[in-house]
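K.L.:
Take this structure, written in structure tokens, and hold onto it; I'll ask about it next.
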Amino acid sequence: MKYLLIPCLCLCLLFPKPSIAQDKLIPASKETIEGVIGQRLMSSYNNRILTQDAEYLIEPFKHRNETNLWQSEFWGKWFTSAVLAYKYHPTAELKKKLDDAVTGLIATQTEDGYIGNYKKENRLQQWDIWGRKYCMLGLLDYYKLTGDKKSLKAAKGVADNLMDDLEKAGGIIVTKGNYRGMAASSVLEPVCLLYKATKNKKYLDFAEEIVRQWESPQGPHLISNAGVDVAKRFPKPVNWYSPEQGQKAYEMMSCYEGLLELYRLTAKPEYKTAVEKTWQNIYDTEINIAGSGASTEMWFGGRPLQTGPIHHYQETCVTVTWIKLGQQLLRLTGDSKYADAVETSYYNALLGSMSTDGRQWAKYTPLTGHRLPGSGQCGMNINCCEASGPRGLFNFPAHVVMKSKDGLFVNYFAEGRYQLATPAGNPVTLIQQTAYPEDGTIKLVLNLNKEEDFTLRLRIPAWSGKNTVMVNGIRVEGIKEGTYAAITRKWKSGDEVSITLDMRGRVLYLGERPRYAAIMRGPILLARDESLPGTSMGAFVGVSTNTGYVDLIPVAHDAKDTWMQFRFRFAPESYTEAGGVPVTIDLCDYASAGNGPKAGSFISWLPQITDPRKAN
């Protein structure tokens with residue numbers, strides 16, 4: 001298979017022509033987030049991003065003696081997180097760290113363009129191409145951030161060397177590494193971004209060839225199997241972590257992220273359709289009430305199984321990639337269902353995997369059990385989830401408020417200031433005043449240089465049954481959950497929009513015998529931490545409600561250890577003729593459960609009494 005070198009006419013353009021299929025939503029130019037989310041962002045910024053020794057991550061690239069491990073991903077994961085952090089909060093300290101990290105990595109590049117840590121004879125095997133992918137992503141992020149031609153040249157060298165190595169090895173990428181080539185062929189994403197930056201057609205040809213190979217007998221069939229449950233696309237392999245394993249969650253979604261980038265370049269509808277169908281299938285069959293899934297890093301049909309203990313549940317890398325894929329689809333389509341799913345995942349599974357000081361990230365986060373940090377990998381004092389967690393955390397700010405051709409989209413509610421441009425190109429600052437999701441009241445204030453007609457769209461979450469939206473004190477009619485409330489008018493500086501969402505405690509049930517109940521408040525899953533006040537749970541919980549809602553009483557608590565805490569009354573099991581006296585227990589937000597200094601046990605799904613008199 002030949003990749004012809006086609007002269008590039010646009011190498012000098014830092015910002016090439018727009019993609020064929022353009023995103024519906026464009027990020028704000030500047031965001032400043034306050035409140036708890038702002039605190040978590042800065043905790044990670046100061047205690048994880050800035051404290052990372054980048055030279056330590058570069059050291060393996062200097063030796064090139066690896067045969068099967070994945071040290072080469074750590075630099076790229078940390079670096080792409082750091083770029084997002086810098087975009088959110090640019091400082092000279094972080095900029096120098098980025099500069100030095102790129103310079104140090106490029107210094108390891110060999111004459112043939114290779115950046116990696118594998119032995120010559122072991123290139124293309126195991127995690128080698130995966131590591132090259134993350135190096136390219138980091139180099140391209142730096143180029144987009146700074147316009148530095150050296151980083152673009154280095155990324156081109158990595159891609160050219162990969163294409164040359166593949167050609168010498170027969171040209172088939174889906175037989176390289178594990179998981180039906182998904183880890184290796186997820187290099188599709190940076191290859192597409194490289195074409196966008198250079199307009200050199202050989203990279204677009206390479207991207208299309210990767211997708212063509214997906215549908216070969218050895219490939220993962222990511223397009224033709226888009227209508228098949230992600231856990232059932234291939235037979236269960238003899239060896240779990242092997243080339244035959246086709247259910248690897250993180251790598252599968254990474255490939256679909258690349259496919260969306262290729263869709264932007266080609267506008268081929270089958271690419272977008274495949275991602276949309278797969279996203280919906282993952283949501284329907286795998287994603288749990290905390291907004292993530294996967295056991296032992298694989299899809300397994302886990303949604304109906306989430307009430308019981310699950311081995312190595314919710315890898316943080318899976319959570320991060322689920323969030324990133326959802327944000328990609330949100331940008332492309334403007335469909336509120338993607339924002340709903342991301343919000344649940346961000347506030348629960350993602351924040352739950354991060355220590356409150358931002359220093360550590362759990363590798364797995366169960367719905368019931370303990371939340372503990374992972375260990376180092378590949379002989380290093382870092383693991384994949386510690387490197388990747390901040391990528392999900394800092395993915396959020398740019399998507400809170402976005403612009404479209406006809407106005408602004410408020411996708412998420414977070415206290416802060418968001419600077420954008422109106423459809424006419426005039427600057428606008430949207431200020432959010434809110435304690436959401438601690439409460440459901442949000443006030444938006446628009447600051448504009450001049451009056452302008454445009455549409456302001458507000459996401460009304462699907463879970464919010466009662467909603468009120470007012471503009472300058474006048475109620476907006478026709479508000480419907482699960483959609484964007486679109487308000488078209490001539491906006492002027494000082495206009496105020498108030499939103500009130502339904503924050504009643506919602507009871508969700510799963511299973512029949514045994515049956516379990518979970519309680520959610522807004523987007524927040526509530527959990528029972530063993531350290532909180534209240535009676536012992538055991539199996540004697542009777543969440544009795546005819547409305548689907550329960551009363552939750554806010555409880556004063558130590559904010560250092562717990563974000564939100566509520567008191568809940570329920571009917572216990574009773575052995576007296578008169579019945580038991582109602583008792584109370586305290587619940588907290590899932591992200592705080594088991595996440596304090598004591599790291600105690602917690603439970604999210606509350607076991608319900610089995611009563612044969614009430615069974616069908």
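What follows is calculated from the coordinates using simple rules that are stated; it is not laboratory data. Keep in mind the model is a prediction, meaning the values are calculated, not measured. In this analysis, Cβ positions are derived from the backbone assuming ideal geometry, glycine residues included, and neighbour counts consider all displayed protein chains.
K.L.:
Within 10 Å, count the other beta carbons around each residue, average over each peptide in 377-389, 110-122, 40-52, and list them highest first.
P.N.:
Ranking, from highest mean packing down: 377-389, 40-52, 110-122.
K.L.:
Going through the cross-link list LYS133/LYS277; LYS248/LYS363; LYS24/LYS337; LYS176/LYS268; LYS119/LYS168, which pairs have a Cα-Cα distance over 20 Å in this structure?
P.N.:
Too far apart for the 20 Å limit: LYS133/LYS277; LYS176/LYS268.
K.L.:
In addition: Could you work out how far apart the two model spin labels at THR296 and ASP53 are, taking each label as a point 7 Å from the Cα in the direction of the beta carbon, and quote it in nm?
P.N.:
3.5
K.L.:
Enumerate the calculated ³J(HN,Hα) couplings along the stretch 178-188 in order (Karplus 6.51 cos²θ - 1.76 cosθ + 1.60, θ = phi - 60°), each rounded to whole Hz, writing x wherever the residue is Gly or Pro.
P.N.:
Taking θ as phi minus 60°, the curve returns 9, 6, 6, x, 5, 4, 5, 7, 5, 4, 3 Hz for the stretch 178-188.
K.L.:
Over the Cα atoms of the stretch 284-437, what radius of gyration and what Dmax do you get, in Å?
P.N.:
17.2, 54
K.L.:
Report ³J(HN,Hα) in whole Hz for each residue of the stretch 520-528, in order, from the Karplus equation J = 6.51 cos²θ - 1.76 cosθ + 1.60 where θ = phi - 60°; Gly and Pro get x.
P.N.:
Each residue of the stretch 520-528 in turn: 10, 10, x, x, 9, 7, 9, 9, 9 Hz.
K.L.:
Using the count of nearby Cβ atoms within 10 Å as a rough guide to exposure, how do MET253, MET354 rank from fewest to most?
P.N.:
Fewest-to-most ranking of MET253, MET354: MET354, MET253.
K.L.:
Tell me, what ³J(HN,Hα) does each residue in the stretch 431-443 have, in order and in whole Hz, if you take phi through Karplus 6.51 cos²θ - 1.76 cosθ + 1.60 with θ = phi - 60° and put x for Gly and Pro?
P.N.:
9, 9, 10, 6, 10, 3, x, 5, 9, x, 9, 10, 10
K.L.:
Give the value in nm², to one decimal: projected area of the alpha carbon convex hull of the stretch 403-500, averaged over all directions.
P.N.:
The orientation-averaged projected area of the Cα hull of the stretch 403-500 comes to 5.6 nm².
K.L.:
Starting from 0.36 nm per residue, how many nanometres of slack lie between ILE474 and THR103 once their C-alpha separation is accounted for?
P.N.:
This chain segment gains 127.9 nm when fully extended.
K.L.:
Nearest 0.05, what FRET efficiency do ALA486 and TYR549 give at R0 = 30 Å with Cβ-Cβ as r?
P.N.:
Step by step, r from the Cβ atoms, then E = 0.60.
K.L.:
A follow-up question, please. Compare the peptides 66-79, 425-438 by average per-residue count of other Cβ atoms within 10 angstrom and give them in order, highest first.
P.N.:
Listed from highest to lowest mean packing, they are 66-79, 425-438.
K.L.:
To continue, here is another question. How would you rank ARG359, ARG64, going from fewest to most other Cβ atoms within 10 Å of each one's own Cβ?
P.N.:
Least to most surrounded, the residues fall as ARG359, ARG64.
K.L.:
For GLU261, GLU315, GLU451, which order do you get if you count the other beta carbons within 10 Å of each Cβ and list the fewest first?
P.N.:
GLU451, GLU261, GLU315
K.L.:
Take the eigenvalues of the Cα gyration tensor for the stretch 33-395, scale each by 5, and report the square roots as semi-axes in whole Å, largest first.
P.N.:
Result for the stretch 33-395: semi-axes of 27, 26, 20 Å.
K.L.:
Taking H as built 1.01 Å from N, whose amide H comes closer than 5 Å to the amide H of GLY407, not counting residues under 5 places away?
P.N.:
Distant-sequence amide H within range of GLY407: THR455.
K.L.:
Show me the ranking of peptides 474-485, 562-573, 177-188, 439-450 by mean Cβ neighbours inside 10 Å, starting with the highest.
P.N.:
Descending mean neighbour count gives 177-188, 562-573, 439-450, 474-485.
K.L.:
Another question about this same structure. Quick check for me: using +1 on Lys/Arg Cβ and -1 on Asp/Glu Cβ, what's the dipole size of the chain about its Cα centre, in debye to the nearest 20?
P.N.:
Here the chain has a charge dipole of around 1020 debye.
K.L.:
5 Å is the cut-off here: which amide hydrogens, built 1.01 Å from N in the peptide plane, fall below it relative to LEU124, excluding neighbours closer than 5 in sequence?
P.N.:
Residues meeting the criterion, in which the H sits 1.01 Å from N, are ILE129.
K.L.:
Which pairs, out of LYS87/LYS149; LYS62/LYS201; LYS96/LYS443, put more than 26 Å between their alpha-carbon atoms?
P.N.:
Beyond 26 Å between Cα atoms: LYS62/LYS201; LYS96/LYS443.
K.L.:
Among (i) 24.3, 72; (ii) 26.6, 88; (iii) 24.8, 87, only one was calculated for this model; which label is it, if the read-out is Rg and Dmax of the Cα atoms in Å?
P.N.:
(iii)
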